[in-house]
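See below for the structure under consideration.
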Amino acid sequence: MINALRGMKDLLFEDAQKYRYITETAAKIASNYGFDYMETPILEETPLFKRSVGESSDIVGKEMYRFSDKGGNDVCMRPEGTAGVVRAFIQAKLDRQQGQKYRFFYFGPMFRYERPQKGRLREFHQFSVESFGEEAIEEDFTLIRMLADIFDTLHIDYTISVNSLGCSACMPKYRESLVQHLHTLSDGLCEDCNRRIASNPIRVLDCKNEKCKEILEDAPRITDSLCEKCSEDFKRLVTLLEKSALKYRIDTDLVRGLDYYSGTAFEFVSENIGAQSAIAGGGRYDRLVEFLDGRPTAGVGFAIGIERIMELVTIPRKGREGIYMGAMIPEAVEELLRLAHEKRRGTRVTVEYKTKSLKAHLKGADRVGARYAVVIGEEEAQEGAVLIRDLEERRDIKIPAEEFATRESFFDD
Ligand code: HAM
């Protein structure tokens, strides 16, 4: 027997319904916020991720599904969506429409070769938004507000962490002072941290090792070294969050695992799903369009990890839906197919092709959750009629087949 690859899951029945419910709910809200649907390919050239997510990140350094295709191209299954969307944005020359704002949402599979565990898959799904051309910090606030709206609508509890990662004016100076400080601590820090002092010192602050955390308590924090613009933006964001009544905390250790961020960074965390508790993350990436050879364009976005919230979501109960059709005599099957085709223009219809007793058909209708069972027996066939059983109200009616084909409701109330 062939099984799915480790860390990859099939979506069946309730999980599949939940996936649709989550993406449809989020899409509706994103659309209400002025965002348009878009998609990009799952496969991209490897340098796209190296140059955006960053070579020193774990995602690019350790976790990419990377291979040569038959044409010898170095390609990757996308580990995240922002890089591809930015590539598409530049390829469509939208970066040349200076002053224009573009807002997109998308969802689909992402691939990271991580060690699978609860909440951590090798193929997982994200729902994401990306906003281009809006520099105002109000947009960062609006994205956080949108995420909160999505989780509120899905009845998911969360806490919000925010930080500022500074910009090209303040980050390099801060990085220098951080590296100096880290060198004085290097004996006590773990192997990963020591490696990162040279490659990606900011990520040292993100180390989950308890001993490192303790040692790093007095390390300088970027929020104390922000330039005037970044500092003002961050203060304004905090003011907007205060006034919105959203519950948030400033987390100066929040650095995110992707290199393209500058300015605002945020994460939503759930306390109800175990160790992999980040249910969404995002931030600003004002330099990314330029890094990928486009004209400088502001950008900010987020992604929700759909599998991580799946177990927290309950789909509102739907009642019985649609029609089940079955014949009691073989000669009626063709008529059933004709009528089913008519009804399928507006209703969900399941047809049983085997002739069965009325009782067996009613059982079948129950199994597929149909509201109505519609059957043709000897008598109905002779009269050109159908027998309709309303499985919710437990009542029957016999009506001419043509009337059944054209009427939306079959009982007179
Ligand atoms: P990210 O923080 O790498 O950001 O991923 C976003 C979310 O995807 C995480 O918060 C988590 O819920 C989920 N996730 C990540 N890895 C896994 C995994 N292995 N298994 C299951 N779920 C996972 C990004 O990807 C950015 N592109 C977000 C963004 C958009 N920033 C700006 N625009």
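Annotations for the structure displayed:
- Highest to lowest packing among 385-398, 273-286, scored as the average C-beta count within 10 Å: 273-286, 385-398
- Largest to smallest principal axis extent of the C-alpha atoms in the range 149-220, angstrom: 47, 32, 20
- Over 15 Å [Cα-Cα, the range 307-368], rounded percent: 59
- Dipole size of the range 1-107 about its Cα centre, with +1 on Lys/Arg Cβ and -1 on Asp/Glu Cβ: approximately 240 debye, rounded to the nearest 20.
- The listed peptides 168-174, 253-259, ordered by packing as a protection proxy, come out as 253-259, 168-174 (highest mean of other Cβ atoms within 10 Å first).
- Among the protein heavy atoms of the chain, carbon and sulfur supply 48% of the accessible surface, probe 1.4 Å, non-protein parts ignored.
- Mean separation of Cα contacts under 8 Å (6+ apart) over length of the chain, as relative contact order %: 15
- Taking the charge dipole of the chain about its Cα centre, with +1 at Lys and Arg Cβ atoms and -1 at Asp and Glu Cβ atoms, the residue from 312, 8, 346 reaching farthest to the positive side is 8.
- Rounded accessible area per residue of the range 285-413, 1.4 Å, Å²: 56
- Nearest-20 debye value, the chain charge dipole, Cβ charges on Lys, Arg, Asp, Glu: 580
- Semi-axes of the equivalent ellipsoid for the range 21-180, computed as √(5λ) from the eigenvalues of its C-alpha gyration tensor and ordered from largest down, come to 25, 22, 20 Å.
- Taking 380, 14, 290 as the candidate residues, the one with maximal mean-square fluctuation in a Gaussian network model of the chain, Cα springs under 10 Å, is 380.
- Relative contact order of the range 52-100, pairs being alpha-carbon contacts under 8 Å that are 6 or more residues apart, as %: 23
- Euclidean distance between Cα centres, the range 374-413 to the range 252-267, Å: 61
- The chain, helix-only ellipticity at 222 nm - DSSP H runs n ≥ 4, -39,500 (n - 2.57), divided by all residues, nearest 500: -10000 deg cm²/dmol
- Isotropic mean projected area of the C-alpha convex hull, the range 284-400 (nm²): 12.9
- Using the Cβ-Cβ distance between residue 67 and residue 9 with R0 set to 30 Å, the FRET efficiency from 1/(1 + (r/R0)^6) comes to roughly 0.85.
- Each Lys and Arg Cβ is given +1 and each Asp and Glu Cβ -1; about its Cα centre, the range 201-338 then shows a dipole of about 320 debye.
- For the range 12-152, the solvent-accessible area of protein heavy atoms averages 46 Å² per residue (probe radius 1.4 Å; ligands and nucleic acids excluded).
- Spatial separation of Cα centroids for the range 10-49 and the range 170-242, in angstrom: 33
- Rh (Kirkwood; distinct C-alpha pairs) - the chain, Å: 24.8
- Averaging the sequence gap over all C-alpha pairs within less than 8 Å and six or more residues apart, then dividing by the number of residues, gives the range 248-290 a relative contact order of 38 percent.
- Overall form of the range 339-413 per C-alpha gyration tensor (a/c, 1.5; a/b vs b/c): rounded
The values are calculated or read from the model by the stated rules, or taken from the named source; none is laboratory data. Please read these numbers as outputs of a predicted model, since none were measured by experiment. All Cβ positions, even for glycine, are placed from backbone atoms using ideal geometry, and neighbour counts span all protein chains on display. Heads up: the accessible areas ignore ligands, DNA and RNA and are worked out on the full protein's heavy atoms, side chains in. Shrake-Rupley method; radii C 1.70, N 1.55, O 1.52, S 1.80 Å.
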